[in-house]
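The values are calculated or read from the model by the stated rules, or taken from the named source; none is laboratory data. Everything quoted here is computed from the prediction, not taken from an experiment. All Cβ positions, glycine included, derive from the backbone under ideal geometry; neighbour counts span all protein chains shown. Heavy atoms of the whole protein, side chains included, go into the accessibility calculation; ligands, DNA and RNA do not. Shrake-Rupley method; radii C 1.70, N 1.55, O 1.52, S 1.80 Å.
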Amino acid sequence: MSRRRRILVLLICCMSLLIVALDNTIVNVALPALGHDLRAPVSGLQWTVDAYTLTLASLLMLSGSTADRIGRRRTFQTGLVAFTIGSLLCSLAPSLGWLVAFRVLQAVGGSMLNPVAMSIITNTFTDRRERAQAIGVWGGVVGISMALGPVIGGLLTDSVNWRAIFWINVPIGLAALVLTWLFVPESKAPRARRIDPVGQVLVILLLGTLTYGIIEGPDAGWGVSAGCFAVAAVALAALVVYESRREEPLIDVRFFRSAPFSGAAAIAVSGFAALGSFLFLNTLYLQSHRGLSALDAGLCTLPIALMATVFGPLSGRLVGTRGPRVPLAVAGVCLTAAGVLLTGVTLSTPIPALLAVYVVFGLGFAMLNPPITNTAVSGMPLAQAGVAAAVASTSRQVGQSLGVAIAGSVVAAGAHGAGFMSAAHAGWSIVAVYGVLVLSLGLLTTGRWARRTADRTAERLQPREAVGA
C-alpha cells in the first residue's frame, strides 16, 4: 500500500474516531437543557452520559474479536451504520428512558469503530516509527474531538436545541461509510479468537453494578451501593480466575504482567475520570449556578479545545521521538494543578481567572492521550496490538464513566447537605487526586525496569500470537 493510501486510511479511521469521541463530551453542555425538557434528575443526567460510555467499555473487546473473525472493514461499516442510526434516534427521543436506550444503541455501533480502526491502523502502518506517528495523530484526534465537544454542543443547543447535538453525527457517519467501502481494504486475523460469552457477561456485570452503586447511592441508600460493590468485586474475581484459565480469553490477564501496559490502563482510567468529573461539574457550575447559556458555557471550554489542538499532535511527536515519560509527567502535573486551583473557585470568580485554570487543565489533557495508546501497544506482538489498544480504549471509557458517576454522586449528596459549591470543591479535589495518580503511574511505569517487564511479557505472549489479536 502506498504512503498516500495509508494516510487516507488513517484519515478515514480518524473520521470514525471523531464522532465517537465527540459524543463522549458534546452531550455534557446540553445536560441542563435536556434535563429541563425531559424532567430528568441529576441521576438521569448521569445515566445519559454513562449509558454511552459504559456500553462502549463493555463491548470494545467483543467487537475487536468479532472484527478479527468476520472482517475488520465489514465490522467497521456495521458500526458506522448502527452509530448513525442511533444518533438519529437520539435526536427524536420522546423521554429520558428512550434517550438512554438510544444512547446504548449509539454505543453498540461506537464499540465497533475505535478498536477496529486501531487494528486497521496497526496493520496498515507496519514500520514501528511510522506506526507511532500514526498513533500520535490518532491520540491527538481523540483529544481534539473530546475537547471540541462542549463548544459544538453549546452552539447547537443555543442556536437550535439539545436534539441538534446528535444530528452532526449523521453526515459524518455516512461519509465515513462510503469512504470505507471505497478505500479501506478488508482484513482478518489469521485465526480469530472464539467468542467468550462468560467473560463478556462478567465484564458487563462488573461495570454495570459498580456504576449503578455509585450513581444511585445518594437516592437508593448506601446499603444498596454496598451490595452493588460486593457483586462487582465478586464479578472481578471471577473474571480474573476464569480468563486466566481460558485458552482464548476475552481479556488475556497475562497482558497485565507488563508494567507499561498495566500503567497505561490505570493512567487511562485516572486521566479520563478527571475529564468526566471536570466536564460534568463544569456544566452544572457554569449553567445551573452561574446562569451562563449553553453556548457561553461551551465557549468557556474553548481553551481546552485550543490546547488539545496545539499540544495533542506535539505530544504524539514527543512519544514517537522521546517516549511517553515526558508527556505523561506534564499531563499529571497539569491535571493536579488544575484540580487544586478549581477548589478555590467561587460563584463570583472572574471569567478570565477561570479560563486560565481551564488552560492548565487543557494542557494536561492534550498531553495525556497519545502516550496511553502507544504505551499500551508498545512491546506487544503485532497480532496482539489490536487487543492491547482495545483495553486502552476500554480503560478510557471506564474512567470517564466512573468520573461522571463519582462527581454526580458528590453533587447529589451535597444537594442534601452543604450545598453545590462545597460539593463541587470536593469533586475538584478528587480531580487533583486523579492528576497525582497520572503523574505517579506515568513516572513509575515508563522506566527501564518497566520496559523489561514488557519484553518478558511479549516473550510469554508469543505462543498465542498465532491465535490473532
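Would you check which residues across region 121-169 are among the β-branched types (Val, Ile, Thr), modelled with pLDDT of 85 or more and over 19 Å from the mean Cα position of the chain (by Cα) and list them?
Residues satisfying the conditions are THR157, VAL160, ILE168.
Taking only region 353-367 into account, find how many residues are more than 30 Å from SER119 (Cβ to Cβ) and under 17 Å from the mean Cα position of the chain (by Cα). Lay out the reasoning, then the answer.
Let us first name the residues in region 353-367 that are more than 30 Å from SER119 (Cβ to Cβ), namely 353-361, 363.
Next, from what is left, pick out any that are under 17 Å from the mean Cα position of the chain (by Cα): 361.
Of the residues in that region, 1 qualify.
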Going through PRO370, PRO350 one at a time, which residue ends up being under 20 Å from the mean Cα position of the chain (by Cα) and at pLDDT 75 or above?
PRO370
Just for region 244-265: of the residues that are over 19 Å from the mean Cα position of the chain (by Cα) and among the aromatic types (Phe, Trp, Tyr), which one is most open to solvent (accessible area, probe 1.4 Å)?
PHE256
Filter pass, ALA33 being farther than 18 Å from SER119 by Cα, touching a Leu at 6+ places or on another chain (Cβ under 6 Å) and surrounded by fewer than 22 Cβ atoms within 10 Å (Cβ to Cβ)
no
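The rows are residues; the columns are (1) at pLDDT 80 or above; (2) open to solvent by 40 Å² or more (accessible area, probe 1.4 Å); (3) over 24 Å from the mean Cα position of the chain (by Cα).
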| site | (1), (2), (3) |
| --- | --- |
| THR336 | yes, no, no |
| LEU402 | yes, no, no |
| ALA413 | no, yes, yes |
| GLY417 | no, yes, yes |
| SER429 | yes, yes, no |
| TYR434 | yes, no, no |
| LEU444 | yes, yes, no |
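Okay, residues lined up against (1) modelled with pLDDT under 90; (2) part of a helix (DSSP H, G or I); (3) within 28 Å of SER277 (Cβ to Cβ):
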{"residue": "ALA51", "(1), (2), (3)": "yes, yes, yes"}
{"residue": "LEU54", "(1), (2), (3)": "yes, yes, yes"}
{"residue": "MET61", "(1), (2), (3)": "yes, yes, yes"}
{"residue": "ARG69", "(1), (2), (3)": "yes, yes, no"}
{"residue": "GLN77", "(1), (2), (3)": "no, yes, no"}
{"residue": "LEU80", "(1), (2), (3)": "no, yes, no"}
{"residue": "SER87", "(1), (2), (3)": "no, yes, yes"}
{"residue": "LEU99", "(1), (2), (3)": "no, yes, yes"}
What tally of residues in region 73-95 results from selecting those that are aliphatic (A, V, I, L, M), more than 18 Å from SER393 (Cα to Cα) and either open to solvent by less than 40 Å² (accessible area, probe 1.4 Å) or within 17 Å of the chain's Cα centre (by Cα) (or both)?
2
Of residues in region 101-133 being of a type in the set (Val, Ile, Thr) and assigned to a helix (DSSP H, G or I), the one surrounded by the most Cβ atoms within 10 Å (Cβ to Cβ)
VAL116
Got a number for residues in region 266-303 being farther than 30 Å from TRP162 by Cα and open to solvent by 10 Å² or more (accessible area, probe 1.4 Å)?
1
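Somewhere in region 133-146, is a residue more than 19 Å from PHE272 (Cα to Cα) and not aromatic (Phe, Trp, Tyr)?
Yes, the conditions are met somewhere in region 133-146.
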If I filter region 309-316 for residues that are within 17 Å of the chain's Cα centre (by Cα), open to solvent by less than 10 Å² (accessible area, probe 1.4 Å) and modelled with pLDDT under 85, do I get at least one hit?
yes
Going by what's in this entry, would THR343 be described as under 22 Å from the mean Cα position of the chain (by Cα) and of a type in the set (S, T, N, Q)?
no
In region 165-215, residue most open to solvent (accessible area, probe 1.4 Å) [restricted to those that are closer than 20 Å to GLY79 by Cα and of a type in the set (Ser, Thr, Tyr)]:
SER187
